[in-house]
Amino acid sequence: MTDRQSNNGPIIGILSPPDWCEPSVDEFRALSATPVRMQQAMVPLPGLEYDDLRNIANAQPQVEVAARLLGNAGACAIGMTGTPFVWAGLSTKADILARKASIAEAAGCEVVMAGTAICDALQALDAQRIAVATPYYTPKWRAQTEIALRAFGFDVAATASADILTAGTSITSIADHDATSDMDTVLRLLTSLRHQVPDSDALVVAGAGVRMLEATPRFEAELGCPVVSSDTALYFSLLSAANLSVQPGLLGSMEAALL
């Protein structure tokens, strides 16, 4: 087992879904103002069928195996990408937090997960009324996202995937995420939601396939409100969990909440 702290910096674990090239390792290393060592593990379920959320819910034993490996490697904190892995198939805050706690127990260290990190960031921003962009989510994924956010007490005023921007189209599989995750499409979707819910305290972008780190400050300036996404919220919670300082200018409104 590797020491959790050393002169070379703490070890930060990234736990990622299978069959997915995870950018969080490089992004988090660049985001942290404190030198860190990064270790990644992938959930050992090659060929996972993502469209059925039951498959993700049933992946918890394998998630815990991967978390244990990262803990054994000396991680002092672990961040799990893959937004629905913490809430798939669940409808209450207690059950969602219990799943997260079980994974942390397997790891032997603090674990933050994208699906609950969004809630952490919104709470830190004192945001209550929200509008939620789910660019590549199918109707079932979008509905489950609403359930999870409402379980944590948020007023979800509206949700929408990118298919609302194009008449006569519908999203039938999340495998199509590349077609709906470019920044122009995401900004158009957020703009539509901002007009629909002008009194929203924050806008949420759910889905780790949308990489918002570099776009967040610009989007917040254009939209006039905080923007919280799966990737940036995960980094926010992971920085907090590991007590790390952040490079300025990337996390937007969340950056002030870390100070």
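Values quoted throughout were computed directly from the atomic coordinates according to the rules given, and no laboratory measurement underlies them. Nothing here was measured: the structure is a model prediction, and the numbers come from that model. Please note: Cβ atoms are built from the backbone with ideal geometry, for glycine as well, and neighbour counts cover all protein chains shown.
Based on Cα coordinates alone, diagonalise the gyration tensor for the range 119-229, multiply each eigenvalue by 5, take square roots, and list the semi-axes in whole Å, largest first. Mind showing how you got there, number by number?
Details: eigenvalues 81, 52, 32 Å².
Ellipsoid half-lengths, sorted descending, are 20, 16, 13 Å.
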Counting only backbone N atoms under 14 Å from a point 7 Å out along Cα-to-Cβ of Ala256, the residues of the range 222-239 in range are 224-227
Along the dipole axis of the chain (charges at Cβ: +1 for Lys and Arg, -1 for Asp and Glu; origin at the Cα centre), the most positive-end residue among Val63, Leu97, Ile118 is Leu97
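With a sphere of radius 10 Å drawn around the Cβ of Thr116, what net charge do the other residues whose Cβ falls strictly inside it have (Lys, Arg +1; Asp, Glu -1)?
Numbers: positive: Lys93, Arg99, Lys100; negative: Asp120.
Taking every other residue near Thr116 into account, the sum is +2.
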Sorted by chain and number, the residues with a modelled amide H under 5 Å from that of Thr159, at a separation of 5 or more or across chains, are Val132
Here the FRET efficiency for Ala73 versus His195, based on Cβ atoms and R0 = 35 Å and rounded to 0.05, is 0.15
For the Ala101, Arg129 Cβ pair and Förster radius 25 Å, calculated FRET efficiency rounded to 0.05 is 0.30
Rounded to the nearest Å, the spacing of the alpha-carbon centers of the range 1-70 and the range 191-249 is 21
The simple spin-label model distance between Ala33 and Asp184, using points 7 Å out along Cα→Cβ, in nm, is 3.6
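Suppose only helical runs count, i.e. DSSP H with n ≥ 4. What mean residue ellipticity at 222 nm does that imply for the chain under -39500 (n - 2.57) per run, divided by all residues and rounded to the nearest 500 deg cm²/dmol?
Details: 10 runs with 105 residues, N = 259.
It lands at -12000 deg cm²/dmol.
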In order over the range 194-211: 3J(HN,Hα) from phi, Karplus 6.51/-1.76/1.60, θ = phi - 60°, whole Hz, x for each Gly or Pro, gives 4, 5, 6, 10, x, 9, 5, 6, 6, 10, 10, 10, 9, x, 5, x, 9, 9
Karplus-derived 3J(HN,Hα) from phi for the range 28-45 (6.51 cos²θ - 1.76 cosθ + 1.60, θ = phi - 60°), whole Hz, x at Gly and Pro, runs 5, 4, 6, 6, 6, 6, 9, x, 9, 9, 10, 9, 10, 9, 9, 4, x, 9
Given backbone amide H placed at 1.01 Å from N, residues whose amide H is under 5 Å from that of Ser200, ignoring those fewer than 5 places away on the same chain, are none
Any residue on another chain or 5+ positions along whose placed amide H is under 5 Å from the amide H of Arg211 is listed here as none
The relative contact order of the chain, taking Cα pairs under 8 Å that sit 6 or more residues apart, comes to a percentage of 20
In order over the range 238-248: 3J(HN,Hα) from phi, Karplus 6.51/-1.76/1.60, θ = phi - 60°, whole Hz, x for each Gly or Pro, gives 6, 4, 5, 4, 8, 6, 10, 8, 10, 5, x
In debye to the nearest 20, the charge dipole size for the chain, taken about the Cα centre with +1 at each Lys and Arg Cβ and -1 at each Asp and Glu Cβ, equals 420
